[in-house]
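Step one of this worksheet: look at the structure below.
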Amino acid sequence: MRAIVVDDPGRESSLRLAEVPEPELAPGGVRLRVAAFAVNRGDLLQRQGLYPPPPGASEILGLECAGEIVEVAGAVDGWKVGDRAMALLPGGGYAEQVVVPTPCLMPVPDRLTLEQAAALPEVFLTVHQNVFQQARLPDGGALLVHGGASGIGTAAIQMAREVGAQVLVTAGSDEKCARCRELGASVAVNYRTSSFAEAVAEATGGAGVDVVLDHIGAAYLADNLVSLKVGGRLAIIGLMSGAKAEINLGLLLTRRLQVIGSTLRARSLEEKGALIREFQERFGGALAEGRIAPVVDRVLPMAEIEKAHEVMRASGHFGKLVLAV
């Protein structure tokens, strides 16, 4: 089969299409013929040698994909050859085939194309895990999302809107801010020209938000904490601006704040399966009815993977970048 391989992992790495062995079908899994896969920032880190896959996972890049089941292992219930499925992966998605344990599969709703479905698992499940499971955003609460124009951001806007929450976002241009508002954000701040902490204070009457979802890290820590209401939770899922920063412990104490760190990729199969079941229970209806859906910026052919990575590196997209196989 063909797959994207990384030559010389590191800052000067390159990506190319190559022939590689097909993955072996394992008990309890299915073989998926991949129709499309999506790009995530974790992929850019992995090609630099900074985000290795968990033990036993494929070395091939790719954390999510969608396609058609072409083979089913024995003792698998609920799935058959020909079913459309989308998959949450620890790796291996940048390929024509992938083997997936059934707990990490989700059926593709009829209204979604396989290209759209490929853009769903990693970001929607990340938001569900961090915003709803761990940070416990209440129905009708208030959420601040950094990178509102990203795959994570566009998913978070829709999911929070679905539970009646007020959504505030940051984005890197006035155009992206406008599109975030069209998607459901009540406040969108151009972080290049304005202070998000000041905007949060104004929008909430000084009270702050219940939850902040942050992938920036060190540079935003102080203003994130200031933007939380009493008892608020900061969920950190990335470190684009660095991993080390001073923290005002007095603010944590007096305002009863919580700082939560989280990753999804290295979680156990059981944890991922439980996460997927809970997501489907809470948001499956909204997904099936089209109230929430992946936002796809563009679909490129598989051979243009370098272009897709360049666009993501420059944040030149809104929503998700998808590659058609």
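Per the Kirkwood formula applied to alpha carbons, segment 123-261 shows a radius of gyration over Rh ratio, Rg over Rh, of 0.92. Quick one: of the DSSP bridges fully inside the chain, what percent are antiparallel, nearest 5? Antiparallel bridges: around 55 percent, rounded to the nearest 5. When only alpha carbons are used to place a centre, segment 252-325 and segment 110-181 end up 9 Å from one another.
Please label the shape of segment 1-134 as rounded, prolate or oblate, based on the square roots a ≥ b ≥ c of the eigenvalues of the alpha-carbon gyration tensor (a/c under 1.5 means rounded; beyond that, a/b larger than b/c means prolate, else oblate). Taking the square roots of the gyration eigenvalues as a ≥ b ≥ c, segment 1-134 is oblate. The fewest-to-most ranking of Y51, Y191 by surrounding Cβ atoms within 10 Å reads Y51, Y191.
Below 8 Å, C-alpha to C-alpha, sequence gap of six or more: please give me the relative contact order for the chain in percent.
18 percent
Taking segment 233-264 and a reference point 7 angstrom along Cα→Cβ of L45, the backbone N atoms nearer than 13 Å belong to 236-244, 261-264.
Simple spin-label estimate for D7 and E182 gives 3.9 nm between the two label positions (7 Å along the Cα-to-Cβ direction from each Cα).
Taking a sphere under 14 Å around the Cβ of R136 and counting the other residues whose Cβ falls inside, with K and R at +1 and D and E at -1, yields a net charge of +1.
Please go through segment 76-160 and write out the trypsin sites (Lys or Arg not before Pro) that DSSP classes as loop and that have at most 15 other C-beta atoms within 10 Å.
Here the trypsin sites (Lys or Arg not before Pro) that fit, given the DSSP loop and packing criteria, are K80, R111, R136.
Applying 1/(1 + (r/R0)^6) with R0 = 22 Å to the Cβ-Cβ distance of Q134 and A201, what FRET efficiency is obtained, to the nearest 0.05? It comes out at approximately 0.35. Using bins of 10 Å that start at zero, the share of Cα-Cα pairs per bin across the chain amounts to 6, 27, 34, 23, 8, 1, in whole %.
Would you work out if segment 22-61 is rounded, prolate or oblate? Take a ≥ b ≥ c from the square roots of the eigenvalues of the alpha-carbon gyration tensor; rounded if a/c is under 1.5, else prolate when a/b is larger than b/c, oblate otherwise.
In terms of gyration-tensor shape, oblate.
Laboratory data are not the source of any read-out in this text; all were calculated from the coordinates shown. What you see is a predicted model; the values in this text were computed from it and never measured. No Cβ is skipped: glycine too gets one built from the backbone with ideal geometry, and neighbour counts run over all protein chains shown.
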